[in-house]
Amino acid sequence: MRGRGRGRGRGRRAVRMMEPALLLLLHHGPAHGYTLLEQLEEFGLTNLNASAVYRMLRSMEEKGWVTSSWDEEQTQGPPRRVYSITELGDEILAVWAQDLEEAKQRIEHLLDVYHRHMEEGTGAHH
């Protein structure tokens, strides 16, 4: 049971982390979807399905957080979409950053309590 639950939870966390990571990457400047897919690895988001990333980008575009346009200036290959963050996307990124900061504090507190508990060597073992 333990192993199965961890895998599913990790996948959901990856999807939740993809949104703020994409917004942060786009905050640095416009980028193609494939480039963003590669850059997500910096945040530990590896082995992502490219279609999931493009679905997320489309969803964020529908919400008005990003815009896209066709890159006609490429020297080779067909035109590709270039994604850019919007002013609303900037605001959403700031909200994400605050939420993540609060989550970090809760996680740190939980880990502090856990470590203190383990150092004391008290508590029931199940």
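Brief remarks follow.
- In the range 89-122, the qualifying residues are those that are within 26 Å of residue 59 (Cα to Cα) and of a type in the set (Val, Ile, Thr), and the one that is surrounded by the fewest Cβ atoms within 10 Å (Cβ to Cβ) is 95.
- Within the range 78-96, the set of residues being modelled with pLDDT of 95 or more and assigned to a loop (DSSP other than H, G, I, E, B) comprises 86 only.
- Flag for residue 50 being touching a residue at least 12 places away in the same chain (Cβ under 8 Å) and surrounded by fewer than 13 Cβ atoms within 10 Å (Cβ to Cβ): yes
- Among the residues here, residue 113 does not qualify as closer than 13 Å to residue 33 by Cα and among the hydrophobic types (A, V, I, L, M, F, W, C).
The values are calculated or read from the model by the stated rules, or taken from the named source; none is laboratory data. Everything numeric here is computed off the predicted structure, so don't read it as measured data. Neighbour counts run over all protein chains shown; Cβ positions are idealised from the backbone, glycine included.
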